[in-house]
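Student: Quick one: the structure is below, questions incoming.
The values are calculated or read from the model by the stated rules, or taken from the named source; none is laboratory data. Just so you know, these numbers come straight off a predicted model, no measurement behind them. As a convention, Cβ positions derive from the backbone with ideal geometry for all residues, glycine included, and neighbour counts pool all protein chains shown. What goes into the accessible areas is simple: the full protein's heavy atoms, side chains included, and nothing from ligands, DNA or RNA. Shrake-Rupley method; radii C 1.70, N 1.55, O 1.52, S 1.80 Å.
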Amino acid sequence: MRAAVLNAYNEPLVIEELSSPDLGPGDVRVHIDASGVCHSDLTVQTGGVPMPPPVILGHEGAGTILQVGSDVSGLAVGDKVIASFIPACGTCWYCLRDQSNLCETANSLMFATRGVRSDGSPVFGMTGLGTFADEMVTSQTMVVKVNTDVPAEQLALIGCGVTTGVGAALNTARVEPGSTVAVIGCGGVGQAVIQGARIAGASRIFAIDPVEMKRKTAEQLGATDLIDPGAGDPTAQVQEATGGRGADYAFEVIGLPETILQAFFTARRGGTVCIVGMPRIDAQVTFPAFPLFADEKRMLGCFYGSAQVRRDFPRFVSLIETGRLDVAAMVSRHIHLEDVNDAFRAMQAGEVIRSVIV
Ligand SMILES: [Zn+2]
Ligand SMILES: [Zn+2]
């Protein structure tokens, strides 16, 4: 199989011919039908979150089961699946408490071999996946079967961006009908937060992003107010539009200390701040202590949209099927595996919401 391998941080990915590792009893082999190129792939490529090279990148994919291990149940050859970048083992302490997004088996799968070079040396797969490839061997706990005719390019995005963003609005923050929502950062995940807020019935959704194309897409997907942070303080603009109070919910969807702080100030007193963007592992953020106390804002971390993937992937598929969730509008470009480095460039240049490898 071909796979896009990161051999050293900050270097372009290299398309290599690898063998699939032997299929363990609990593993499945999946043909990758589509894989989104997510900002977190770039964060790994630049060493912002350490995943030791050589590693096959890609963690947002959909595919078709080619082979199942001897202990696999509930999955069969030909099934359509969406990859989950966090396993849902179903039996650990967190999985038993409806927090499968914090599944205890995630760390052990992080360093599983997902490709083998001709000299026999192993290559990891990002987060236990590695979807920038023709096919992928992974644990049965990292795929969710779906029965749908939704195209693979859209199903792939459910694997990360859609679930993280829609889940942030519906699961983590639980946006209420009629509320006001500010979304800082309108990439793929931010667009999904906007859609989640729209689905939840928010009355006003402020889309904050310096890139005009992203603001326009946000408008198409449900944002009511478009704010260019280059044209004035976004917090002041949100406050002005909300009787001086600020938004009921402020979502940070970039992962930078300064925008996390901005989200804190953009939420009203008693409002909710939801941290969705993935920061670099060494980033620090400092809050003023008195408002942290006196303004009584709920500060919510949001990992993978608090998603219970076996419940939520089919839920989001249904929302796409009935036209409530527009994932087609989030797919900016279809590319081939060998174009992945250019997709990183396009992402950094703000040219795309999502490039999808098909
Ligand atoms: Zn991602
Ligand atoms: Zn678990």
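Student: Rounded, prolate or oblate: pick one for segment 236-358, where a ≥ b ≥ c are the square roots of the eigenvalues of its C-alpha gyration tensor, a/c under 1.5 means rounded, and failing that, prolate if a/b is larger than b/c, else oblate.
Tutor: prolate
Student: Taking the Cα centre of the chain as the origin and placing charges on Cβ (Lys, Arg +1; Asp, Glu -1), which of Thr224, Gln284, Met1 is farthest toward the positive end of the dipole?
Tutor: In the chain, that residue is Thr224.
Student: With N residues in segment 161-303, what two-decimal value do you get for its Cα radius of gyration over 2.2 N^0.38 Å?
Tutor: This ratio for segment 161-303 stands at 0.92.
Student: Dipole size in debye (nearest 20) for the chain around its Cα centre, Lys and Arg Cβ +1, Asp and Glu Cβ -1?
Tutor: It comes to approximately 920 debye.
Student: For the chain, set up a GNM with springs between Cα atoms under 10 Å and report which of Ser306, Ser70, Ser20 has the largest fluctuation.
Tutor: Ser70
Student: Name the residue farthest towards the positive end of the dipole of the chain from the options Thr138, Ile260, Ser355, assuming +1 on Cβ of Lys and Arg, -1 on Cβ of Asp and Glu, about the Cα centre.
Tutor: Highest projection toward the positive end goes to Ile260.
Student: Tell me, what are the semi-axes, in whole angstrom and largest first, of the equivalent ellipsoid of segment 55-108 as set by the roots of 5 times the Cα gyration tensor eigenvalues?
Tutor: Semi-axes from the Cα gyration tensor: 22, 16, 10 Å.
Student: Now, a different point. Compute, for segment 161-303, the length of the dipole vector about the Cα centre, with Cβ point charges of +1 (Lys, Arg) and -1 (Asp, Glu) only. Units Debye, rounded to 20.
Tutor: 320
Student: Once the chain is represented by equal point scatterers at the alpha-carbon sites, with solvent omitted, what log10 I(q)/I(0) does the Debye formula produce at q = 0.14, 0.15 Å⁻¹?
Tutor: Normalising to I(0) and taking log10 leaves -1.11, -1.25.
Student: Picking from Ala106, Thr242, Val189, whose Cα lies most toward the positive end of the charge dipole for the chain (charges on Cβ: Lys, Arg +1; Asp, Glu -1)?
Tutor: It is Thr242.
Student: Then there is this: Compute the distance from the alpha-carbon center of segment 343-358 to that of segment 218-279, in whole Å.
Tutor: 24
Student: Using a 1.4 Å probe and ignoring any ligands, DNA or RNA, find the accessible area of Ser118 and quote it in Å² to the nearest 10.
Tutor: 130
Student: Could you compute how much accessible surface Tyr304 exposes when probed at 1.4 Å, giving the result in Å² to the nearest 10?
Tutor: Only protein atoms counted, so the area is about 10 Å².
Student: Next up: Using 0.36 nm per residue, how much length does the chain from Asp342 to Arg117 gain when fully extended, once their Cα-Cα distance is taken away?
Tutor: Roughly 78.5 nm would be gained on extension.
Student: If Ser121, Ser139 are ordered by their accessible area, calculated over protein heavy atoms with a 1.4 Å probe, which sequence runs from highest to lowest?
Tutor: Result, largest first: Ser121, Ser139.
Student: Another question, then. Using Cα pairs closer than 8 Å and at least 6 residues apart in sequence, work out the relative contact order for the chain, in percent.
Tutor: 18
Student: Could you give each residue of segment 154-161 its phi-based ³J(HN,Hα) in whole Hz, using Karplus coefficients 6.51, -1.76, 1.60 with θ = phi - 60°, and x for Gly or Pro?
Tutor: For segment 154-161, the Karplus curve yields 7, 4, 4, 5, 5, x, 9, x Hz.
Student: Here's another thing I want to ask about it. In terms of solvent-accessible area of protein heavy atoms at a 1.4 angstrom probe, what is the ranking of His39, His31, highest value first?
Tutor: Heavy-atom accessible area, descending, gives His39, His31.
Student: Largest first, how would Ile281, Ile194 line up by accessible area (1.4 Å probe)?
Tutor: Ile281, Ile194
Student: Mind checking which lysines have their C-alpha under 22 Å from Lys214, skipping anything on the same chain fewer than 8 residues away?
Tutor: none
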